[in-house]
Every structure is written in C-alpha cells, then in structure tokens.
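Heads up, the thing below is written out as structure tokens.
The values are calculated or read from the model by the stated rules, or taken from the named source; none is laboratory data. Please read all numbers here as calculations on a predicted model, not as lab measurements. So basically every Cβ, Gly included, is an ideal-geometry build from the backbone, and we count neighbours across all protein chains shown.
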Amino acid sequence: MYEFHEFKDLADLTKAMTDAMTSRFQARFDAGQKVNWAVSGGSTPAPLFQAMSGQNLGWENVHICLVDERWVPPSHPRSNETFMREKLLVKYGALASFTPMWDEDFETIHDAAPALDARYKNHTLPFTSVLLGMGPDGHTASLFPDAEGLEEAFDLTSGAYVTALHAKRSDVTGGELDRVSLTARAIVEADHTALMITGDEKRGVFESAVNTGQNLPIGRLINLLKKPLNVYWAP
C-alpha cells in the first residue's frame with residue numbers, strides 16, 4: 001500500500017516534502033503534542049534536512065532518532081549520527097533532542113541492541129513519522145536482502161523495535177556490515193511513513209519490488225504497512 005508522488009527535480013521534491021513535514025509537525029504542536037521523527041542518512045535526504053533545519057518550528061518539542069546506523073563511532077566518515085548533526089541538528093533544528101544508535105559502552109551490535117531497543121521505547125515512541133530511503137538492492141533501513149537477522153527484523157510478533165543485523169558484503173553495503181536498525185514492527189506502527197528516492201534505477205527497483213512479487217525488503221515492508229507509504233520520487 002503506497003502513494004506515489006512524482007516531481008520534475010530534487011528541488012521540487014524537497015520543497016514538497018518540507019511543506020508536508022512542516023504542516024504535519026505544526027498540527028502536532030497545535031494539538032499540544034510532541035514530534036518523534038525517525039530519519040535515514042544518505043545524500044538524497046540531505047537537502048530536505050537542510051531545508052527543515054531552517055524552519056522556525058517548535059523544535060524544542062521534536063525528538064530526532066535514526067532509522068538505522070552502521071556500527072561505527074561518530075568519528076567515522078560514514079556515521080549517520082554525525083551526518084544528522086551536520087545536516088539536521090543545526091540552525092533551528094539544533095533545539096531538537098536526539099537519540100543515536102551508537103553507544104561506546106557496547107562492543108558489538110548484539111550487545112548493544114537490547115539497550116538501544118529499551119532506549120527507543122522509552123524516548124522515541126510512538127513515531128510521528130519515519131523517513132526511509134532505499135538502495136538499488138531493494139533494502140530499506142538496514143533491512144538488507146539475505147542479511148543475518150533479517151527474518152527476526154520482519155517478525156511482527158517480536159517485541160523489538162531496534163535490532164542487530166549483519167549484511168552480506170556488496171557494493172551497496174561497503175565494508176560496514178554490522179548494522180543496527182528499526183524493525184519492521186517499529187516502522188509499521190508509525191503514524192506516517194515516507195520514502196524519498198531519486199533516479200530511474202531506483203524507481204525501477206521500487207516498481208519491481210511492488211509489482212512483480214520480488215522478495216525485496218522494501219516490497220515486504222509495504223505489504224505489512226497499515227497506512228500508505230508516501231513515496232516521493234524525482235529523476
């Protein structure tokens with residue numbers, strides 16, 4: 001279940017998403033509620049984060065958390081935490097609170113996952129919105145095809161909202177194979193979900209996942225959603 005929104009370029013897509021998210025957040029503020037926004041890293045959403053951080057909203061009532069993270073410290077060049085601190089948690093966005101998915105007190109993802117799961121349950125749920133990305137292999141969050149832990153991540157009967165996965169090495173994963181990610185249950189229970197993708201290649205992957213029955217993670221997730229996934233695409 002999804003709704004597809006097509007734009008002529010990334011600038012138009014970014015404006016539309018900024019307007020939509022600003023309106024959604026403001027409605028929450030007007031109702032006296034807080035906002036919990038789970039966000040994904042990557043170059044595609046960077047313009048959205050830069051635009052959102054410049055919006056004069058009630059950021060002190062916003063909690064930002066990550067959809068997924070490579071098991072690397074913030075000093076690592078591919079850290080999603082550092083990416084968010086540089087792109088989203090600046091300007092007005094600096095007033096938001098933030099829950100990372102890296103914790104130096106734990107050596108491995110399997111050691112860290114239960115503690116991170118408890119932390120997310122205590123501070124970030126329910127999600128007002130979850131912003132997803134998608135790779136050319138059909139993964140979303142860190143739900144990679146054939147990853148160790150993938151079936152556990154898709155188990156809706158599990159009580160976990162954060163889980164550990166070990167991806168198979170590919171051009172998409174790079175060398176950082178240990179990941180921490182939201183589970184399918186965490187995403188399914190969000191009030192709103194959005195997917196931001198660009199380019200003909202990713203559009204083709206998305207359409208294959210939802211139309212041809214390929215067993216790709218993004219397609220599996222869409223089949224589980226209770227509310228439509230809002231897909232934002234530009235060439």
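Consider segment 103-124 and keep the residues that are touching an Asp or Glu at 6+ places or on another chain (Cβ under 8 Å) and surrounded by 16 or more Cβ atoms within 10 Å (Cβ to Cβ). The one that is farthest from Thr173 (Cα to Cα) is Leu116. Before we move on, is Asp103 out of contact with any helix residue (DSSP H, G or I) (no Cβ under 6 Å at 6 or more places or on another chain), in contact (Cβ under 8 Å) with a residue 12 or more places away in the chain and under 17 Å from Val162 (Cα atoms)? When the stated conditions are applied, Asp103 does not pass them.
Helices (runs of 4 or more DSSP H) wholly in segment 1-90 with at least 1 residues that are surrounded by fewer than 16 Cβ atoms within 10 Å (Cβ to Cβ) and in contact with a strand residue (DSSP E or B) (Cβ under 9 Å, 6 or more places away or on another chain) - which ones? Spell out the reasoning first.
Working: elements: 10-30, 46-53, 80-87.
Those helices (runs of 4 or more DSSP H) span 10-30.
Restricting the first member to segment 197-222 and to residues that are in contact (Cβ under 8 Å) with a residue 24 or more places away in the chain, and the second to residues that are assigned to a helix (DSSP H, G or I) and among the polar types (S, T, N, Q), the beta-carbon pairs closer than 8 Å and six or more apart or on different chains are Gln214/Ser208; Leu216/Ser208. Within segment 169-196, the residues that satisfy the criterion of being within 12 Å of the chain's Cα centre (by Cα), assigned to a strand (DSSP E or B) and not polar (S, T, N, Q) are Val180, Leu182, Ala194, Leu195, Met196. Residues that are touching a Leu at 6+ places or on another chain (Cβ under 6 Å), modelled with pLDDT of 95 or more and either among the acidic types (Asp, Glu) or on the phi > 0 side of the Ramachandran plot (or both) are absent from segment 88-107.
Tally the residues that are of a type in the set (Val, Ile, Thr) and part of a loop (DSSP other than H, G, I, E, B), restricting the search to segment 133-168. Explain how you work it out, then say what you get.
Kept after step one, since they are of a type in the set (Val, Ile, Thr), are these residues of segment 133-168: 140, 157, 162-163.
Now drop any that are not part of a loop (DSSP other than H, G, I, E, B), which leaves 157.
Total meeting the criteria: 1.
Among residues that are closer than 21 Å to Tyr232 by Cα and among the basic types (Lys, Arg), Arg28 is not included.
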